[in-house]
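Since every read-out is calculated from the coordinates, none of them should be taken as a lab result. Fair warning: this is a prediction, and the values are worked out from it, not measured in the lab. Here the Cβ positions follow ideal geometry from the backbone for every residue, glycine too, while neighbour counts run over all protein chains shown.
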Amino acid sequence: MIKILLILITLLFYFSFPMMLFFSRFNYKSTYKQLIFNILFLFIFSFFASSQNAVDCINPHKIHQKHKNNFIHNKYLDNLSSLDSLQPECYQINESETYRTQDDSFIVKENINTVWQKYKSISLKDAYCGELVSLGFVYSKNKKKIYYLNDDYEGIREGQIYFIRLNLLGGFKRIIVAYEVTKIDEKKKMMQFCYINNGVSEGSQRIFLYKTKEGFTKVEHKTFYKSHSKLRDQWLYPKFHKKIVSELHHNLMKALSLN
């Protein structure tokens, strides 16, 4: 939108100056004044449009946490003009030696198709109902729409960005994390999430579903991650991440049992 406004202003200047020179020769003061007014109006409008921030479209009243400002003022959104500018920083196989990995697995006593459909369609309220992880909002790049915890939600889709809060150390430490759904493979029954740029971590999380010989579903959650802190990556991240992953998958199992 801002780029379009700048183009319009440039075009207006390009065509206005010859016109103003022409009108000034014949003393068409009213037309001249109108041209000046139009130029000033576009300048003022473009200034306010360019000064808008990504947080302007977020409704804090729909964020249910007490510390809701953390979802609006954070390292992801500061000085960001549009939520569409957020970019994922996925695992790069050509730099695999720079990443750490973590593997978690769960057995769900349901057939694989039922589990897969639930993973794709579980409500936000059911998915984020635990103590460690809470949801701020979800932004859909494709639909240009924000979903909050109690909104009608279409289910997980590629291009969705999730803003969540991790409540660590009994809530003493709260961390905002953002990740994007970058791939959903129906055939392989796989989902990939990537951390958003400007965050502490880089990398990807991949969820795979497999059918067991008993007819149940094995869920494998594989994480590739790195940050600028070796201490964090080696000692802190694995411990807390395992608990967080476990909570999210057990939320899904709980939702399945209620059906």
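Numbers for the structure displayed
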| quantity | calculated |
| --- | --- |
| Of all residues in segment 66-79 being surrounded by fewer than 16 Cβ atoms within 10 Å (Cβ to Cβ) and not basic (Lys, Arg), the one that is nearest to CYS129 (Cα to Cα) | HIS67 |
| Residues located in segment 65-77, provided they are part of a loop (DSSP other than H, G, I, E, B), within 16 Å of TYR139 (Cα to Cα) and in contact (Cβ under 8 Å) with a residue 24 or more places away in the chain | ASN74, TYR76, LEU77 |
| Members of segment 135-166 that are assigned to a strand (DSSP E or B) and surrounded by fewer than 19 Cβ atoms within 10 Å (Cβ to Cβ) | SER140, LYS145, ILE146, LEU166 |
| Restricting segment 83-95 to residues that are in contact (Cβ under 8 Å) with a residue 24 or more places away in the chain and under 21 Å from PRO238 (Cβ atoms), the residue that is farthest from the chain's Cα centre (by Cα) | TYR91 |
| Residue count, segment 97-134 (criterion: in contact with an Asp or Glu (Cβ under 6 Å, 6 or more places away or on another chain), in a strand (DSSP E or B) and small (Gly, Ala, Ser)) | 1 |
| Matching entry among TYR162, TYR179, TYR153, TYR195 (being within 20 Å of LYS226 (Cα to Cα), of a type in the set (Phe, Trp, Tyr) and touching a Leu at 6+ places or on another chain (Cβ under 8 Å)) | TYR162 |
| Options ASN79, ASN74; residue that is out of contact with any helix residue (DSSP H, G or I) (no Cβ under 8 Å at 6 or more places or on another chain) and at negative phi | ASN74 |
| Residues of segment 174-191 satisfying the condition of being surrounded by fewer than 20 Cβ atoms within 10 Å (Cβ to Cβ) and either in contact with a Ser or Thr (Cβ under 6 Å, 6 or more places away or on another chain) or not in a strand (DSSP E or B) (or both) | GLU186, LYS187, LYS188 |
| Out of VAL200, VAL245, sole residue that is under 22 Å from the mean Cα position of the chain (by Cα), part of a loop (DSSP other than H, G, I, E, B) and closer than 21 Å to TYR128 by Cβ | VAL200 |
| Residue in segment 86-106 that is loosely packed, with under 15 Cβ neighbours inside 10 Å, in contact with a Gly (Cβ under 7 Å, 6 or more places away or on another chain) and not aromatic (Phe, Trp, Tyr) present | no |
| Matching residues, segment 206-237, being under 13 Å from THR101 (Cα atoms) and surrounded by 15 or more Cβ atoms within 10 Å (Cβ to Cβ) | ARG206, HIS221, LYS222, THR223, PHE224, TYR225, LYS226, SER227, ASP233, TYR237 |
| Residue in segment 184-198 that is within 15 Å of THR101 (Cα to Cα) and basic (Lys, Arg) present | no |
